[in-house]
Amino acid sequence: MRFLRLLGPALLGAALLSGCGLQPMYAGGSNGAVARGLTGVQVAAIEGRAGWLVRNAIVDQLGADKAGASPRYRLDIRLDDKLEGFALLSDDTIGRERRTLRARYQLVDMSSQEIVLDATAGSDAGIDVVSSDYATIAAEQTALENMSKDIATRIVTAVALRLRGDTTQ
């Protein structure tokens, strides 16, 4: 009897969830429509160290270098990397920095040159400025590396969502 009382709500919950329309994005694994679409995205070169980090992270996540086929889309990205000091201490030195990395990206259909996705992504980090210049520079670089990975993940997710909605794949 107790088993039936527990099973009833579980079955009702499963029935309700099945009608909600959620679908796995990467259904079919590497042979699925989204995975195939992502391997068909070419990432254009991006200026600067931040650009190199973001581009490499995106290429790693897309698996684009493994495809070997001609790309269907081109991903153009422009970055804005800022490092600002604030939190002045009593001796007029900066006690904290804020690093901001913003990306504007466009997914371009290479056959028609039509922009199919135009969006932005951003990430920021706070950095403590300490008496050791080496430690501060290392913290700034680590923050840039982490923000680059974060932005790359956001961009790949947005591209995957766009490609999932494209039924002409």
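Points worth noting:
- Criterion: open to solvent by less than 50 Å² (accessible area, probe 1.4 Å) and over 15 Å from V43 (Cβ atoms) - qualifying residue of G63, G122: G122
- Qualifying positions in the range 113-169 - more than 17 Å from E97 (Cα to Cα) and of a type in the set (S, T, N, Q): Q113, T120, S148, T153, T157, T167, T168, Q169
- Taking (1) touching a residue at least 24 places away in the same chain (Cβ under 8 Å); (2) surrounded by 15 or more Cβ atoms within 10 Å (Cβ to Cβ) in turn, L161 satisfies each apart from (2).
The values are calculated or read from the model by the stated rules, or taken from the named source; none is laboratory data. Computed from a prediction, not measured in an experiment: that's the story for all the values here. Cβ: placed from backbone, ideal geometry, glycine included. Neighbour counts: every protein chain shown. Heavy atoms of the whole protein, side chains included, go into the accessibility calculation; ligands, DNA and RNA do not. Shrake-Rupley method; radii C 1.70, N 1.55, O 1.52, S 1.80 Å.
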